[in-house]
Structure formats: C-alpha cells, structure tokens
Amino acid sequence: MSQKKLSIKTKKIIINTIIIILTIAIPLAITAFVADYGFNKRYNPNSEYADKTITDQIASDLRSDAFVVLMEGATFPRERIQKYVGYRSQKYNPTPIYEETIYNEKNEKLFNMVVYDGLWKRIDEGVEYYDIVSPQIYIYDVQYGKIKEEFEVDPTVIEDIEDIELSVKFTIPYKRDSGVADEERQYSFADVNGAITDTGSDLNTKQVQACEFRAALRFAETENITVNFNAKITITSSNIVDQVFKSINLPINSDASTRNLDNFEEGLNSSFDSIIAPQLKALVFKKYIWWQCLIALVVSSVVIVPFGLSFILPLKEEK
C-alpha cells in the first residue's frame, strides 16, 4: 500500500512553522543566555567571574534589607544593640559577659558599656573550627562633653568634642617561637553600621560605638583582659592628645576551648548565604538583569526576525 505524499502546500506550511519557531526561539535563547550569565557569573558573589564592585553592593543591599527586618520592633538602645550582635556575628552568646555604667571620679556618668562574647570560625583542611575568640564592646549614652573634661587641659581650647576618637588598648600574652611575651594592642571604636543613633548621648547625632577584636590563635590563654579606654582629641590643629581616661578589667578568656557552645547562637554572618539566597535572584533581576535581557531580546529580534521571515515560503502555488 503506497503512502500518500504530502502536498507542496503542506510541506511549505511545515517549513514555515519551523522557521517561525526558530525565529522566535533564537532571540528567547539569547535572552535566556544573558540572564543565566548574569545570575550565575557576573552577579553571583561566589563566581570567579563576578564584578566584585557590583556583587559587594548587592551584598550590602541585602544586608541592609536584612538589618531593617531584624530591627523591627526593637527599642533603643539595649535591644537594638543585642540584635545587632546577632546580625554581625558568626556565633555569639546572647547573654552579655559584662555590663556596667562608667562614671568619672566626680560620679558623673561617662557612658554605658556592654560586652558580648563571640566566636569566629577557622577552616583548616576543610574542617571548621570555632576557635577564634571575638569579644564585642559596645558603648552608648556617651557623654562626650564629660570625656572632654577628663583631659588635663583648659577645656575651652579643645576645638570640638565631635572630634573625639575613642579606642581600647590592652596588653595580652602572645605566643612566639622564643616563648610567651606581652604585646600591646589597640582597637578603635566605630559607628554601629550607621544605623543605631545614640539618642542618650549629649551629641544625639552620634551613633552607638562598637569595638571588636579577634583574639589571634597565638594569643596565650588568659582569663581576664585589662582594657584601657583611650580618647584622642584635637586641642589645636597641630596638637592632638591621646590619653587613658578609664581602665576596666573585663572577664574575657582568650581560649575558645573554655566556651560552652550550647550557650552560643548562630549569628547572621554564619548563615547569611542561606538567608539571602531566595532574595538574590529577585534583587539581581530587578536592579541589573531585566533591562539587559530586554535589550538582548529587542536587538536579537530586530536582527533575527526579519532575517527568519525572509525565508517564509509563499503558500500560493504558482500556475
């Protein structure tokens, strides 16, 4: 039984259909390639081909969004500070290891201080160890004017109390090949992410101040660290004074093995990738990919569609 041959018109319809499908599919495939390259290469923070300037900004945007959500309902200052500790830590103890209101010799308040205990991980041959001690010191309700008065100079010649720079300085035993020797370390306070205004300060435009130092693995074990609070202030444009105005003994043990990890919680820094993963593609598409995909679709369509349609066969049979 002989097969019925397709008519020329039917063959043309089939060929035209294939041409139309390809004409539509190719621009779409090019657009999908642009989107895939953007998501998985150019804008993926974990990609070796990533534009680090842009991915750093993406991470910053996502962190800012996460911070806003985290701070919802928090009152100033203690609750917000504690939430911030969870925001920027890998592992942390939510119970402060030290908290005190600091006064001067006249029993005038200088600032409130709270210290949290944190741990950061170290990866050695693929194995994770939480053995880097990372205390975080926060000061708020800072009375910069009173700190200014701690300087043994005529306070009227000090240029501006907003120029006060605060830091902590301490001496800690440090392991060297030749043995253990004391070393002096100094760490500066900085604004808390520019997000927690110190409304109890005499300068209510200032931010809550934070200082974190990570105890190096070569720090010898010590159960307490005596921390000197330093203030650096400009007396004149050419004369800067740096002096200790308060000394406090903090119960900071530099040996991570002394911690009971059952008392520690996972911080946002340890699980940040898993938290932002669902939001990453949405943010990248909204800020970067959509217009690139649109351009790819329009340009490829302008080139390919007329070219593809030029191969469409006329269905009307020649006489």
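Read the figures in this text as sums done on the coordinates, not as results from a lab. Predicted, not measured: the structure shown is a model, and the values here were computed from it. Positions of Cβ are generated from backbone atoms using ideal geometry, with glycine treated the same way; all protein chains shown enter the neighbour counts.
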Q. Where in the stretch 9-32 is the amide nitrogen less than 17 Å from a point lying 7 Å along the Cα-to-Cβ axis of LEU309?
A. 16-28
Q) What's the exposure ranking of GLU165, GLU184, going from fewest to most Cβ atoms within 10 Å? A) GLU184, GLU165
Q.
Using Cβ counts within 10 Å as a stand-in for footprinting exposure, how do LEU309, LEU280 rank, fewest first?
A. LEU309, LEU280
Q: Please arrange TRP120, TRP291 by counting, for each residue, the other beta carbons lying within 10 Å of its beta carbon, fewest first.
A: TRP291, TRP120
Q) Using a basic spin-label model with each label point 7 Å from the Cα along Cα→Cβ, how many nm lie between GLU99 and ILE20? A) 7.2
Q.
Check which residues have an amide H placed less than 5 Å from LYS91's amide H, if you skip close sequence neighbours.
A. LEU119, GLY267
Q: Name the residues whose placed amide hydrogens come within less than 5 Å of the amide hydrogen of ILE312, ignoring near sequence neighbours (fewer than 5 apart) on the same chain.
A: none
Q. Taking the mean number of other Cβ atoms within 10 Å as a proxy for protection, how do you rank 18-27, 247-256 from highest to lowest?
A. 247-256, 18-27
Q. Hey, quick one: spin label on PHE33, modelled 7 Å out along Cα-Cβ, who in the stretch 42-64 has an amide N within reach, i.e. under 17 Å?
A. 42
